[in-house]
Structure formats: structure tokens, C-alpha cells
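Right, one structure below, let's go through it.
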Amino acid sequence: MFVIFTKNVLLAAIAGSAIATRVSGDLLTLMFGIIAILVSLNMLFRANATALFSQLPGVPGQALMAMSVGGLSVMVGIGGGAIGVTLLTLFNVRVHRAVGTASAFGLFIAIPGVLTFLLLGQEPADAAAGTWRLVNIPAFFLMNSQRVGNHFFPSFRRTPESSLFSQLRRNWTPVFTGVTTFYETVKG
């Protein structure tokens, strides 16, 4: 499974980032809103539900799943885990295995995505300070410095919170973000 997914995620990330450099930001924002809503609703209402399918599809189906994860994730800037875990758990992959597999997708999405955005992207007129082509360099370093910091300073990691407020914040923030993004895009 991992080899099939890795190869296809990588190829789709390259293709998806090339497509993203050519389509409007409004379309990508709309796609982000829709995907965020769907993933959030799945998290809210299917958390303890049984899988929809008893096992993963054959090799062509797995390749299609991987291409969907890689292409959509890189186009809308959602980590491979959001879409990957959702798809894998629908096909009866245990959650911890789905999370582990999907976390590896991030590397195969981020590196070709950033390189393609740097090679093919055109910097928008309203880009944030520090943006080169389609990559915001300060954000890139800040996001990756957290990962490096967590690796070298594990005591700084946050512990899981179990309060009702924390559960609501964690589960409803993606829904709110998706709905708000969707509304702003449709409203024009």
C-alpha cells in the first residue's frame, strides 16, 4: 500500500501544484472551503462509525485515492493527513495506521509542491510580504521550525486537552473556517 500511495501522491502533488499555478485563487479558495467542510463533518459525525468499505480497493483504486490526496492537498494547502486519514478510515484502515501513513504523505506533497510553486508560480500583486513566487518564505520557515523544535525539544509539545471547550474548539474550528471561506468565495 505505502509504495503505491507514495508514488502516486508524489506525481499528483507535482501535477496539482502545476494546475494550481494556472487557476484562479477564488477557485482554490472555494475548493478549500468545500474540502474543509467535508473533512470536518466527517470528523464530527463519523468519529465512532464503522467503515463504509471492508478493505482497500485494488491497486488502481489505491492509485486513484493517492492521486486525489496528493493533488487536492497541494492545490488547496491542506496537509495530506486531512484528506488521507479520512479516505483510509473509510476503507477500514485502523486510525493509527491511517494517521501514520498519511503523515508520511506530507513530505511527498510538500517538497514537490513547494518546488513546483517556486518554478512555475507567478507572485500575485496582493501577496503578503516575504512571498517569492507562490511561497511565503517566512511562513515556510515558521511552519518547519515548529516541527524541528518538537523533535529536539519534546517537552514543549502540548499535551492533549480533554475539556469540553477544547473538544468544541478542535472540532468546530475547521467547520467554521470551511463555512466562512466557502461563504466569502461565493459571496464574491
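A short reminder: the numbers here are calculations on the coordinates, not readings from a lab. Predicted, not measured: the structure shown is a model, and the values here were computed from it. FYI the Cβ positions are ideal-geometry reconstructions off the backbone, even for glycines, and counts take in every protein chain you see.
Things to note:
- From most to least packed by mean Cβ count within 10 Å, the peptides 112-125, 59-72 give 59-72, 112-125.
- Distance between the range 67-114 and the range 1-60 - C-alpha centres, whole angstrom: 7
- Using a simple spin-label model with pseudo-atoms 7 Å out from Cα toward Cβ, residue 95 and residue 43 lie 1.2 nm apart.
- Amide H to amide H distances under 5 Å link residue 132 with 137, where only residues 5 or more positions off or on other chains count and H is placed in the peptide plane.
- FRET efficiency for residue 3 and residue 24, using Cβ-Cβ distance with R0 set to 30 Å, rounded to 0.05: 0.30
- Report note on the peptides 22-31, 88-97: ranked by the mean count of other C-beta atoms within 10 Å, highest first, their order is 88-97, 22-31.
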